[in-house]
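Have a look at the structure below before the remarks.
We did not get these values from a lab; they are worked out from the coordinates using the rules stated. Owing to the predicted nature of the structure, the values given are computational and were not obtained by experimental measurement.
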Amino acid sequence: MRHLIRLLCAIFLTSCGLSGGISVLRDPVPSGTLIASKTFDTVTAGKEVTGVAMIYESDVNGEYILRLESLVAPSEAGLQVSLTSNGVNDAYFIALRGPRGNQNYSTGLSGVRTFELVKIRPSSQPTVNYGIATF
């Protein structure tokens, strides 16, 4: 009986777009020009991050949009995404919206920019990086 209940719960969660209770985000591709794209490299053993970090320049207002595509990160609370631009660490950082899927983040940054890094890290240990995409 327990196995039947687990199976029904798994079917229900999957039909709702959830994978074992973890939401998979599905933000659309931003309109604009793709400026940079790089896959994540895992940095910390046991905390694998995969996916692609992309920077788009918006057609609407010239603002840069950080896109995480096909992201798979550890399922733990308190993860952040951080962007290094023009030599400034944390030129933009925010709480990661979820550990899975496609996610867009409006950075508020515009103008002439050089993008160096995107990091996924725990907010409790900002010097520890789980994954880095180096442009």
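Side notes on the structure shown:
- Length available on full extension from ASP59 to ASP27: 0.36 nm per residue minus the Cα-Cα distance, which gives 9.8 nm.
- Shape of segment 27-105, Cα gyration tensor, a/c cut at 1.5: prolate
- Amide H within-cut-off set for GLN80, under 5 Å, with H built and near neighbours excluded: LEU96, ARG121, SER123
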